[in-house]
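Trainee: Can you read through this structure? Questions will come right after.
Throughout, read-outs are computed from the coordinates displayed, never taken from laboratory work. Given the structure is predicted, the values throughout are model-derived calculations rather than measurements. All Cβ positions, even for glycine, are placed from backbone atoms using ideal geometry, and neighbour counts span all protein chains on display.
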Amino acid sequence: MTAASYPYPLARVPQSDQKLQGGDLPVGLAFGDTGPAASMQGARIIGWLKNKDDPITPQRFVENRKFWPAVQKVLEKHAHEDPELKSQAAFQKTGWMNIADGRNPPPLGRTADAEDILGCVLVDDKTIRPGSFQPNWAHRPVTRDGLFQLPKYLHGKLVDALAEH
């Protein structure tokens, strides 16, 4: 996957304060424009690539363990507000609803692969119960289909939350 094919802006930020296994100096992958390189640390970095031109593939990507809790917090806090998810909940009516990763959406009426399910939320009377998000620990941030993709609304909330870090 190339950054050009990703639906949201991605920045590749050289990281002088990190080293990958083997001693390589990595390039941090982050959402949005880079801002000052010094501010692109901690949870703002999605993960690392060995070289700035590397494709975003499971073989080239090293996950930042500090990043994923920020994603889960945004999903827990805002999933019930997302217009796309609200529409799905109205269709489903009740029960647990999977939140599928947008990088490889399942066909209508089908369940996504485990690595493409971000988690699930509880739907009651066509409404997502606030705070009901449960993460799927089998989800993979990067697969052969590329980097994970949140719905537009939730992506915006994530970018806002990361800017506060």
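Trainee: Quick check on the chain: helices-only [θ] at 222 nm, where DSSP H runs of length 4 and up contribute -39,500 (n - 2.57) each and the sum goes over total residues. Nearest 500, please.
Mentor: -6000 deg cm²/dmol
Trainee: Applying 1/(1 + (r/R0)^6) with R0 = 30 Å to the Cβ-Cβ distance of Thr127 and Lys152, what FRET efficiency is obtained, to the nearest 0.05? Walk me through the numbers before you get to the answer.
Mentor: On the way: r = 21 Å, r/R0 = 0.69.
FRET efficiency, Thr127 to Lys152: 0.90.
Trainee: While we're on this one: When you count, for each residue, the other Cβ atoms within 10 Å and take the mean per peptide, how do 71-82, 122-133, 93-104 rank with the highest first?
Mentor: Highest mean packing first, the order is 71-82, 93-104, 122-133.
Trainee: Per the Kirkwood formula on distinct C-alpha pairs, the Rh of region 70-151 is how many angstrom? Let's see the in-between values first.
Mentor: Values: mean 1/r = 0.0790 Å⁻¹.
Taking every pair of different Cα atoms in region 70-151, averaging 1/r and inverting gives 12.7 Å.
Trainee: Expressed as a rounded percentage, what relative contact order does the chain have, with Cα pairs under 8 Å and six or more residues apart?
Mentor: 20 percent
Trainee: Counting other beta carbons within 10 Å of each Cβ, put Leu10, Leu150 in order, fewest first. Before the final figure, lay out each step's value.
Mentor: Details: Leu10 17, Leu150 25.
Lowest count first: Leu10, Leu150.
Trainee: Measure up Lys86/Lys152; Lys93/Lys157; Lys73/Lys157; Lys66/Lys157; Lys50/Lys157 against 19 Å on the Cα-Cα distance and list the ones that go over.
Mentor: Checking Cα-Cα distances, Lys93/Lys157; Lys50/Lys157 exceed 19 Å.
Trainee: I'm checking a number: the convex hull volume of the Cα atoms of the chain, normalised per residue, in Å³. What is it?
Mentor: Normalising the Cα hull of the chain by residue number yields 105 Å³.
Trainee: If we count every other residue with Cβ under 12 angstrom of Leu154's Cβ, Lys/Arg +1 and Asp/Glu -1, where does the sum land?
Mentor: -1
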